[in-house]
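Student: Sharing a structure, written as structure tokens. Questions coming.
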Amino acid sequence: MDTHRRWGMGPLVVASAGAVLAATALVHHAAEAATLGSLRAPMLALLVDGVPAVALVYAGYRLGRTDLDAEYRRMAAVWSLGGVVVFTGAVGLTIGVRLLEDRVVTEPAFTLLVAASFGGLAGVVAGYYRARAVADATRAQRASDALAFVNGLVRHDLRNDMQVIRAYAGEIEDADVAGEDVADHAAVVREKTEEAFERIETAGSLAKTVAGEAEYEPVDLAAVADEAAASIEAATAATVRTDLPERAPVVANAGLRSVVDNLVENAVEHNDSDDPHVSLTVERDEDVVRLTVSDDGPGFAPGERPTVYRPGAESEGGGLRIAATLVDRYGGDLRIADDGRGGDDGATVVVTLPRADADDAAALRPDQRAVGG
């Protein structure tokens, strides 16, 4: 079981195919030796078709120990099986034509075994290099996408923080601001400056998240939502109501704060009322945790409310796009709730994330996470 999880199906298929071919060759040539009463010719024949079969078993073993992901190992296995089919098929057709011509074909089984063994070996070698090339190209594309994403995220989030800092710094410079207000404004400036530094510090982690190379761990969504609510209330005129459990651990990383911040900030930014209200609710189910962010702003126009905000989609609302991309990497989804409200009654965004055990200390790779329904 452990070997299966470590290797995946691809290497096991390659090694199994080689073992079957080697065993078949051994049985066939043992029968030939008994018929001929001699070991010399059957042993030489066994070397011809048995050695590449054993080499195919070793190739499966080596494939299982590479750093390629399971999907690329499967690709190499498919190429190996394809080599078996193509080589054996070509030789089989040749033998079939000879038989149709009433020609004598001596020991076709040996010829087919040689073709199958060399075809599988050639296929796995070609498949490995093909898989390696595809994996490198995919990794390079992910790195490019990650850099573009982080660049957009940092510019978007830092722009929001700096706008708040500039606004409060301008009021501090105003001679009419009372001493108590100055202290309050200075506290907001300090808090937003610290948040800006935190965003810069987590940029590397976010890049790995988008590239699919990050390690995930239990993160308390309730605590993150509470911090985001307090931050937005301190920096804006919005009122943020929360309904949070004591703890709500999910499978994520430091980028979860950007998800919640962007959803709350987006709800406030697109609310043109004098007293905007935002509601944050976190609910725990058996396998997932749901975050619901609702506002009393203009919402979506009737008939234009999307059901799913696709990660990376080109549209207005950079905050939603950033949040949707990160949520997708965490194995969750982000949906615009269809709650029957009109376009002037606000919008509701629902984020579903895989639930994590609070005492789970082991980091989780993206391909190890369990996504709840």
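Derivation of every value follows stated rules applied to the coordinates shown; laboratory data play no part. Note that the structure is a prediction, hence the values are computed from the model and not measured. Every residue, glycine as well, gets a Cβ built from its backbone with ideal geometry; the counts of neighbours run over all protein chains shown.
Student: Give the separation of the Cα centroids, the range 72-100 to the range 240-264, in Å.
Tutor: 54 Å
Student: Same structure again: So if each residue of separation counts as 0.36 nm, and I subtract the Cα-Cα distance between L93 and Y61, what length gain in nm does that give?
Tutor: 8.4 nm
Student: Same structure again: What FRET efficiency comes out for L100 versus T35 if R0 is 25 angstrom and r is the Cβ-Cβ distance? Round to the nearest 0.05.
Tutor: 0.40
Student: Normalising by the residue count of the range 2-143, find the relative contact order in percent from Cα pairs under 8 Å and 6+ residues apart.
Tutor: Once divided by the residue count of the range 2-143, the mean separation gives 32 percent.
Student: What is the fewest-to-most order of R257, R335, R241 by other Cβ atoms lying within 10 Å of their Cβ?
Tutor: In order of increasing Cβ crowding within 10 Å: R241, R335, R257.
Student: Could you line up I336, I232 from fewest to most neighbouring Cβ atoms inside 10 Å?
Tutor: In order of increasing Cβ crowding within 10 Å: I336, I232.
Student: So for the pair A230, S273, with labels modelled 7 Å out along Cα→Cβ, what separation do we get in nm?
Tutor: Using points 7 Å along Cα→Cβ, the separation is 2.6 nm.
Student: Across the range 1-116, how large is the tail of the calculated P(r) beyond 23 Å, expressed as a percent of all Cα pairs?
Tutor: 41 percent
Student: Place the peptides 43-55, 216-228, 116-128 in order of packing, highest mean first, counting for every residue the other Cβ atoms within 10 Å and averaging per peptide.
Tutor: Numbers: 43-55: 18.1, 216-228: 21.1, 116-128: 24.5.
In decreasing order of mean packing, 43-55, 216-228, 116-128 become 116-128, 216-228, 43-55.
Student: Evaluate E = 1/(1 + (r/R0)^6) for D243 and R142, where r is the Cβ-Cβ distance and R0 equals 30 Å; express this FRET efficiency to the nearest 0.05.
Tutor: Working: r = 37 Å, r/R0 = 1.23.
Approximately 0.20, to the nearest 0.05.
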